[in-house]
Amino acid sequence: DSKEPDWTQFADFLKGEVRYSSVMKQYPDEAADLFKAAQENALWRYNSYKRMAGLSWE
């Protein structure tokens, strides 16, 4: 129903959110690791939902 997210813009999206940008300002090293983990998790969830959508539930 929708197009695949542009994963190259994921970090930019997080940096645009106040709750994440404040973490980046206070703890830049930890934030980089957390942003990477968040992107990996979001990609995993997206692929899981994509797989489930392709399953036959009958």
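Structure above, values below:
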| item | result |
| --- | --- |
| Segment 1-35, residues that are over 21 Å from Tyr49 (Cβ atoms) and among the basic types (Lys, Arg) | Lys15, Arg19, Lys25 |
| Subset of the chain [in contact with a helix residue (DSSP H, G or I) (Cβ under 8 Å, 6 or more places away or on another chain) and among the hydroxyl-bearing types (Ser, Thr, Tyr)] | Tyr20, Ser21 |
| Residue list for segment 35-58, filter: among the aliphatic types (A, V, I, L, M) and at pLDDT below 95 | Met52, Ala53, Leu55 |
| Residues (of a type in the set (D, E, K, R), assigned to a helix (DSSP H, G or I) and exposed (fewer than 10 other Cβ atoms within 10 Å of the Cβ)) located in the chain | Asp12, Arg19, Lys25, Asp29, Arg51 |
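The values are calculated or read from the model by the stated rules, or taken from the named source; none is laboratory data. From a predicted model like this one, the values you see are computed outputs, not experimental measurements. As a convention, Cβ positions derive from the backbone with ideal geometry for all residues, glycine included, and neighbour counts pool all protein chains shown.
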